[in-house]
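The block underneath contains the structure these notes are about, expressed in C-alpha cells.
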Amino acid sequence: MNAQILEWADIPFVLAVCEEGSLSGAARKLGVNHSTVFRRIESVEARVGVKLFERLSHGYVMTVAGEHFFRNALILRDGLNGIQRELGGRDLRLEGPLRVTTTDSLLHRLSSVVAEFQQAYPEIELDLICDSRPLDLMQRDADVALRPTSHPPEHWLGRNLFPIAYATFAHRNYLEVIGELPAARHRWVTLSDTLQKTAMSRLTDLQKEREAPVTTTNTLMSVFNLVCSGLGLAVMPCYVSAFCADLVRLETASADYNSDLWLLAHPDMRRNAKVHAFFEFASTRIRASKADFI
C-alpha cells in the first residue's frame with residue numbers, strides 16, 4: 001500500500017468496521033451515520049486499489065488485505081494513544097478537558113459530588129460518559145473511571161473506596177396490592193444479561209422462582225424506574241434506596257456478592273494534575289456517603 005494515499009482520519013473508520021464486523025456497529029462506535037462509514041470505506045478501498053472487506057449478508061468480513069491493514073493499523077493506533085497518554089500524563093494544568101466515565105445510577109447518586117468538583121475547578125471541562133459497557137482506558141475511552149467491580153484491571157491506578165451491597169427491593173404500592181401472591185407469580189425486573197455476569201443477575205436467579213415472570217431492561221436506572229412504578233421486585237445496589245422513600249428493602253444479599261466501588265485511571269496519567277485533583281476530591285466526598293452503599 002502506498003502510505004501517501006491514506007490519511008490518518010481513515011484509520012478509525014477501517015478499524016471500527018474490522019472490530020465491529022458491520023457498518024452499523026462501526027457507526028455506533030464512532031458516533032456517526034451509517035452512510036458516513038460506508039462512504040469512507042468505499043473511498044479507502046478505491047484509493048488503495050484493493051478490497052479490505054467481503055460484503056456478506058451477515059456483515060463485513062476482512063479480506064487478507066483487510067487483515068494486513070487491521071494488524072498494522074492497531075500498531076499505529078496504539079502508538080498514537082501511547083503518545084497521547086504520556087503527554088497527557090505530564091499535564092500540570094488544572095484546566096482543559098477531563099473525561100470521566102461512570103454508570104447512570106452512580107452519577108444519579110453522586111451528582112452533587114460532580115457538581116461540587118466542577119464548582120471548585122471551573123477551568124476543568126468535565127466530559128461525563130454514562131455507560132455500563134466494559135471500558136478501555138488504554139484506548140482513552142476516558143481519563144478516569146468510577147465503576148463498581150470486583151476485579152479491576154491490575155495495570156490501572158486505582159482506589160477502592162468501599163463495598164457496594166445488594167438487596168431485593170419492591171415499591172410499597174406493589175406490596176400492598178399484590179404482595180400476598182405466591183412467590184411464583186411475582187414479577188422480577190432485571191438487567192439484560194444473558195451471561196449472568198452481574199451480581200444483580202446472579203442474585204435474581206437465586207431468589208426468584210423458575211416460573212416467575214421477568215421483565216428485562218439494559219440499564220440499572222431503568223430497572224429502578226420500573227420497580228418504582230410498581231411493576232415488581234428487583235435486586236439492586238442498596239444505594240438506590242436513597243432515590244425513593246417508598247422503596248422497601250425485602251432481603252439483603254450475602255456480602256459474598258458485594259462489588260467494590262473503584263476510582264481508576266491509566267498509569268500514564270499518574271502525574272496529570274486534573275486526574276489527581278479529581279481523585280483527591282471525589283475520594284473524600286464519596287467516602288463520606290459510605291453508609292448509603294451498604
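Brief remarks follow.
- Breaking point among (1) touching a residue at least 12 places away in the same chain (Cβ under 8 Å); (2) under 16 Å from ILE5 (Cα atoms); (3) out of contact with any Asp or Glu (no Cβ under 6 Å at 6 or more places or on another chain); (4) of a type outside the set (D, E, K, R), for GLY59: (2)
- Test for ALA253: is it more than 19 Å from LEU110 (Cα to Cα) and touching a Leu at 6+ places or on another chain (Cβ under 9 Å): yes
- Among the residues making up the stretch 151-190, those that are in a loop (DSSP other than H, G, I, E, B), of a type outside the set (Phe, Trp, Tyr) and in contact (Cβ under 8 Å) with a residue 60 or more places away in the chain are PRO152, PRO153, HIS155, ALA165.
- Test: residue in the stretch 182-204 that is surrounded by 14 or more Cβ atoms within 10 Å (Cβ to Cβ), touching a His at 6+ places or on another chain (Cβ under 8 Å) and not aromatic (Phe, Trp, Tyr): no
- Qualifying residue in the stretch 15-37 (condition: outside the structural domain of HIS266 (by TED's automatic domain parsing), of a type outside the set (Phe, Trp, Tyr), in a strand (DSSP E or B) and surrounded by fewer than 15 Cβ atoms within 10 Å (Cβ to Cβ)): no
- Residue count for the stretch 90-141 satisfying the condition of being at pLDDT below 80 and within 12 Å of the chain's Cα centre (by Cα): 8.
- Candidate set from the stretch 156-181 (those that are among the small types (Gly, Ala, Ser), out of contact with any helix residue (DSSP H, G or I) (no Cβ under 6 Å at 6 or more places or on another chain) and surrounded by 16 or more Cβ atoms within 10 Å (Cβ to Cβ)); member that is modelled with the lowest pLDDT: GLY158
- Selected residue (criterion: surrounded by the fewest Cβ atoms within 10 Å (Cβ to Cβ)) from residues of the stretch 212-232 that are among the hydrophobic types (A, V, I, L, M, F, W, C) and under 18 Å from ASP104 (Cα atoms): MET221
- Residue in the stretch 199-222 that is within 16 Å of HIS171 (Cα to Cα) and in contact (Cβ under 8 Å) with a residue 40 or more places away in the chain present: yes
- With respect to the conditions (1) within 21 Å of the chain's Cα centre (by Cα); (2) surrounded by 17 or more Cβ atoms within 10 Å (Cβ to Cβ); (3) free of Cβ contacts under 8 Å to residues at least 40 places away in the same chain, LEU263 lacks only one, and its number is (3).
- Top-ranked residue in the stretch 266-288 [being among the basic types (Lys, Arg) and farther than 16 Å from ASP127 by Cα; ranked as surrounded by the most Cβ atoms within 10 Å (Cβ to Cβ)]: ARG285
- Neighbours by Cβ (under 7 Å, 6+ apart or cross-chain): first from the stretch 33-46, aromatic (Phe, Trp, Tyr); second surrounded by 15 or more Cβ atoms within 10 Å (Cβ to Cβ): PHE38/LEU23
- Listed by position, the strands (runs of 3 or more DSSP E) contained in the stretch 191-294 that have at least 1 residues being of a type in the set (Phe, Trp, Tyr) and closer than 21 Å to PRO153 by Cβ are 259-265.
The values are calculated or read from the model by the stated rules, or taken from the named source; none is laboratory data. The model shown is predicted, which means the values in this text are computed figures rather than measured ones. Don't worry about glycine lacking a Cβ; one is built from the backbone with ideal geometry, like all the others, and counts go over all protein chains shown.
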